[in-house]
Amino acid sequence: MVNRPFFKQMQILYGNGFDENENDNYIRILRGNFINGIKELIQGAETLGREIGEANKKNVEFIKEFSYVEGPIADDVIEKVKEIWTDETIKGLWEMRDGLANLTVVNLDYIIQNIERLCANGAEASNDDIVRCRQRTTGLSEILFPYSKHYFHIFDVGGQKTERRKWDVLSTTQKPTAILFFSSLTDFDVPLLTEEGNRTRMDESIEVWEELLNKEELQNATIILFLNKSDLFEDKIARVNMSETFSDYAGEHSFEEATEYMKKKFISKANGTSHDPDNIHSHVTCAIDTEVMKKVFDSVSAEIFKQRLAMSGLNPIF
């Protein structure tokens, strides 16, 4: 069970890449991300009561009513978005994007920098474009590919509550060998939009993680934890003290201490389950970096093989 950028990386590294229909779909999604991303920042400004400059008021009203369906985006619309992007309020919100509950297009800056190319006739999405594309995971995606004399069959499932019923189906019908669980490090203080009180996205992530660890159908599965979005988290932890969310955290603005704290917080949930905490491996990752993810997958595959052989009564040497 993996997240969407990781799944795309496996398709880039070990699959057959993306065909013409997939390319056209990603181009359409990236163009939609361009519009939806700026709308999310506008909504964030309104929610927080922050005024957008007078010079951009008409642009804002236009974009709020603009809906992207398909095809290239007109030059005048692109210019309006770029003008809003330069607004001081919008720039300030972007700097604090890792704390905005409504923001989903976290690669908006990259898309804006490349929007003319993405809107050209016959545009082709690069691998870098595709892994930065924001799309909601629906249905069940899968990829089968050869790796080191073996075949990996990877399923991609969504994390939204409406998608979680798929996990039960998958765990009983496919009996997965391993669970690759992704959690965003930057979510430690981001409130859940649909919740009252002080619950955060990280609280929900830990809750789901604990639920998986206690699933009877997964008691023999290798469990691997990915603490993701390390690039954004390194910037965030320099600005935000995690002790304001977790009172027992004493690492202040240290990236290394903060990631170690989060790792221990997740892995401690294995106590009392069928999963030995010492056998749960964790990786601090940036899933949009193809080279990094290749190295991570090499390590992950070794971990899986080692644990499967050990369960068979063998003691492999790596």
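Data for the structure
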item: Restricting region 249-286 to GluC sites (Glu not before Pro) in coil, as DSSP defines it, with at most 13 other Cβ within 10 Å; result: E252
item: Chain lengthening between A120 and L193 when straightened (0.36 nm per residue, less Cα-Cα); result: 22.7 nm
item: Table column - 3J(HN,Hα) (Hz), region 286-291, Karplus curve with 6.51, -1.76, 1.60, x for Gly and Pro; result: 10, 5, 8, 9, 4, 5
item: Cα-based reach from K82 at 13 Å (exclusive), listing aspartates and glutamates while leaving out same-chain residues under 8 positions away; result: D109, E116
item: Efficiency of FRET from Cβ geometry, L144 and N36, R₀ 30 Å, rounded to 0.05; result: 0.40
item: Rounded to 10°, Cα long-axis angle of helix 20-47 versus longest principal axis of the chain; result: 70
item: Length added when fully stretched, R136-D24, from 0.36 nm per residue minus Cα-Cα; result: 38.6 nm
item: Fraction of beta bridges assigned by DSSP in the chain that are antiparallel (%, nearest 5); result: 40
item: Computed over the chain: relative contact order in percent, which uses C-alpha pairs under 8 Å that are six or more apart; result: 19
item: Where GluC sites (Glu not before Pro) fall in DSSP loop in region 53-118, at most 14 other Cβ within 10 Å; result: E70
item: Exceeding the 19 Å Cα-Cα cut-off - candidates K149/K229; K91/K229; K8/K295; result: K149/K229; K91/K229
item: Region 20-124, relative contact order in percent, only Cα pairs under 8 angstrom and at least six apart counted; result: 45
item: Simple spin-label estimate for E88 and S274 in nanometres, 7 Å along Cα-Cβ; result: 6.0
item: Full-stretch length increase - L232, K215 - with 0.36 nm per residue and alpha-carbon distance subtracted; result: 3.0 nm
item: Highest-first arrangement of 203-213, 15-25, where packing means the average Cβ count within 10 Å; result: 203-213, 15-25
item: Theoretical ellipticity at 222 nm over the chain - DSSP helices of four or more residues, -39500 (n - 2.57) apiece, nearest 500; result: -14500 deg cm²/dmol
item: Neighbour-count ranking [beta-carbon atoms within 10 angstrom, fewest first] of H281, H153, H275; result: H153, H281, H275
item: Taking F266, F66 and counting other C-beta atoms within 10 Å, the order from fewest to most; result: F66, F266
item: Aspartates and glutamates with Cα under 16 Å of K64, excluding same-chain neighbours fewer than 8 positions away; result: E40, E46, E51, E54, D76, E79, E83, D87
item: For T222, residues with placed amide H under 5 Å, excluding near neighbours; result: A178, I179
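Each reported figure results from applying straightforward, stated rules to the coordinates on display, with no laboratory input. Because the structure is predicted, anything quoted here is derived from the model rather than measured. Reconstructed Cβ throughout: ideal geometry from the backbone, glycine too, with neighbour counts over all protein chains shown.
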